[in-house]
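Asks: The structure is given below, and queries will be raised subsequently.
The values are calculated or read from the model by the stated rules, or taken from the named source; none is laboratory data. Here the structure is a predicted model, which means the values were calculated and not measured. Positions of Cβ are backbone-derived with ideal geometry, glycine not excepted, and every protein chain shown enters the neighbour counts. Surface areas here come from the heavy atoms of the whole protein model, side chains and all, with no ligands, DNA or RNA. Shrake-Rupley method; radii C 1.70, N 1.55, O 1.52, S 1.80 Å.
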Amino acid sequence: MRSSGALKRGVKRGGPLKDFTTFGIGGPAEFFSRPRDSAALSAAIRYCRKNSIPVRVIGSGSNILCADRGIKGAVIKLDAPPFVGLSSSGNRVRAGAGVTLAALIRYCVRRGLSGAEFLAGIPGTVGGGLVMNCGVAKPRRLAIGDIIEEVRVMDHQGKARVLPASRIKFGYRDSGLSRWIITGAGFKLRRSSPRKVRAKLREFMLRRRGQDYRFPSAGCVFKNPAPAPAGRLIEECGLKGRSVGGARISEKHANFIVNTGNASCSEVLKLIRLAQRRVRQRFGISLEPEIRIWK
Ligand code: EPU
C-alpha cells in the first residue's frame, strides 16, 4: 500500500496501540495519524476513503481490546490543540472530541456548572464517551447523551457537520455515532456553585469504590443484560479471580477483566468466552461485550 503525506505509517509515529489503550494491550496500527487540525483530519479521511483504508478513532483507549498482532487500516488520534479545547458561554460548554471527561469535569467545577458530575471516574474522552453513550446506572440511569445539545462530526467525505441531539439515537451504551468522526460537542448544563458541584462529584466517585482500578483494564467488559448486572451473574458462576496468563477476572468486580502484567488479547478473549459460556449455561443469558474488540 502506498504511503502518503496525508497519513504516515503508524509503527514509527504511533508505536504499538498498547501504549494508547488503558488495558495496555495491542499491536501496531497499519497507519496512525494525529492530525494537527480539521483540515489535516479532512485530508486524512479523504485519503483513506480514496484508498479503501478503514478508519478508526481512538480516544483515551479505555474501552478497546486490541489484537496482539495489530490491526489493518488507520487509527486517528485527536489530541492536537484544536481537538482538546474547552470554552463556555452561560450554561453551555463546548468541548473538543479529544478532551478527557476528567478535564471536562474540572472545567465545569471551576465554573460552577452542574450536570456532568456523573461522568466522574469514567476514564474516557468526549468523543469516545459519546460513541459509547457512557454513563452510570445509579442512583438513576444517566448517560452523556442526556446532557448533549449538539455533536460536531466529520463525515467520510471529510466534510464537517453539526448534529443536533434530537437527531442522535442515544441508547444504553450506544449512540450510532461511530459512523462519523466526532470532532467535538456542545453540552447543556445548569448553573450551580463550585462547592455544590464538587459535593456531587464526590458522591459519584464513592459509588465507584467497588470497581477495580488497581490494574490496567477497560472498565466493565459486558453490557448489563436486563435481568441482572453482568458482574453479579459472573460472580455467581464462581469466576471471580479466574486467570488466563496475565489476564484475570477481578476478585473485586467480576465485570472487570484486569491485566496483571503482560496479558495478551487472546488471554482476555479466553476469559470473555469463558464468562459468556458459563453465564449462558447457568442462567440462559447472553452477555454482550461493551468493550470494542479491534482485530
Ligand atoms: N455485583 C456483584 N458482583 C460483582 C460486581 C457487581 O454482585 O462482582 C453487583 C453489585 O453488588 C451491585 C450490582 O452488581 O448490586 C451492580 O454493580 P455496580 O454498582 O458495580 O455497577 P455495574 O452495573 O457493574 C454500571 C456500569 C459502570 C458504571 C457503574 C456505576 C455497565 C455495564 N456498567 O456497572 O460502567 O461505572 O454502573 O454506575 O453499565 C463501564 O461502562 O465501563 C462501567 C464501569
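Asks: Compactness ratio of the chain: Cα Rg over 2.2 N^0.38 Å, N = residue count? Mind showing how you got there, number by number?
Replies: Details: Rg = 19.3 Å, N = 295, 2.2 N^0.38 = 19.1 Å.
For the chain, the normalised Cα radius of gyration is 1.01.
Asks: Cα-Cα over 28 Å: which of LYS18/LYS196; LYS169/LYS270; LYS138/LYS188? Display every interim value, and only then the final one.
Replies: On the way: LYS18/LYS196 38 Å; LYS169/LYS270 33 Å; LYS138/LYS188 21 Å.
Over 28 Å Cα-Cα: LYS18/LYS196; LYS169/LYS270.
Asks: Sorted from largest down, what three extents in whole angstroms do the Cα atoms of the stretch 141-215 have along their principal axes?
Replies: Reported extents, whole Å, longest axis first: 43, 35, 20.
Asks: Right, here's the next one. Per residue of the stretch 130-135, what does 6.51 cos²θ - 1.76 cosθ + 1.60 with θ = phi - 60° give for ³J(HN,Hα)? Whole Hz please, x for Gly and Pro, Karplus curve as stated.
Replies: 6, 4, 7, 6, 5, x
Asks: Right, here's the next one. Name the residue farthest towards the positive end of the dipole of the chain from the options GLY127, SER52, TRP294, assuming +1 on Cβ of Lys and Arg, -1 on Cβ of Asp and Glu, about the Cα centre.
Replies: GLY127
Asks: Taking only C-alpha pairs under 8 Å that are 6+ residues apart, what is the relative contact order of the stretch 152-274 in percent? Walk me through the numbers on the way to the answer.
Replies: Numbers: 140 pairs, mean separation 21.7, N = 123.
Contact order relative to length: 18 percent.
Asks: On the protein heavy atoms, probe 1.4 angstrom, tell me the percent of accessible surface of the chain carried by carbon and sulfur.
Replies: Values: 6910 of 14020 Å².
Result for the chain: 49 percent of the exposed heavy-atom area is carbon or sulfur.
Asks: What distance in nm lies between label points placed 7 Å from Cα along the C-beta direction at ARG69 and ARG49?
Replies: Here the answer is 3.1 nm between the modelled labels.
Asks: How large is ³J(HN,Hα) for each residue in the stretch 57-63, as worked out from phi by the Karplus curve 6.51 cos²θ - 1.76 cosθ + 1.60 (θ = phi - 60°), to whole Hz, x for Gly and Pro?
Replies: Result, rounded to whole Hz: 10, 10, x, 8, x, 8, 9.
Asks: Note down the accessible area of VAL57, probe 1.4 Å, to the nearest 10 Å².
Replies: 60
Asks: Could I ask something else about it? If amide hydrogens are placed 1.01 Å from N in the peptide plane, which non-local residues have theirs closer than 5 Å to the one on THR183?
Replies: Amide H neighbours of THR183, under 5 Å, 5+ apart: ARG152, VAL153, MET154.
Asks: Still on this structure: Once phi is turned into θ = phi - 60°, what whole-Hz ³J(HN,Hα) does the Karplus curve with 6.51, -1.76 and 1.60 give for every residue of the stretch 273-286, x standing for Gly and Pro?
Replies: My calculation for the stretch 273-286 gives 5, 4, 4, 4, 5, 5, 5, 5, 4, 7, 10, x, 10, 8 Hz in order.
Asks: Any idea of the accessible area per residue across the chain, 1.4 Å probe, to the nearest Å²? Before the final figure, lay out the partial values.
Replies: Numbers: 14020 Å² over 295 residues.
On a per-residue basis, 48 Å².
Asks: Quick one: which residues, 5 or more positions from THR21 or on another chain, have an amide H under 5 Å from its amide H? H modelled 1.01 Å from N in the peptide plane, none for Pro or chain starts.
Replies: Amide H neighbours of THR21, under 5 Å, 5+ apart: none.
Asks: Considering Cα pairs under 8 angstrom that are at least six residues apart, work out the relative contact order of the stretch 234-295 and quote it in whole percent.
Replies: 26
Asks: Could I ask something else about it? Heavy-atom accessible area of ASP146 with all protein chains present, probe 1.4 Å, nearest 10 Å²?
Replies: Approximately 100 Å² of ASP146 is accessible to the 1.4 Å probe.
Asks: In addition: Let me have the 222 nm mean residue ellipticity of the chain computed from DSSP H runs of 4+ only, each contributing -39500 (n - 2.57), with the sum over all residues rounded to the nearest 500.
Replies: Values: 7 runs with 74 residues, N = 295.
Mean residue ellipticity at 222 nm (helix-derived): -7500 deg cm²/dmol.
Asks: Please work out the Cα center distance from the stretch 137-205 to the stretch 34-68, rounded to the nearest Å.
Replies: If we compute the Cα centre of each part, the gap is 21 Å.
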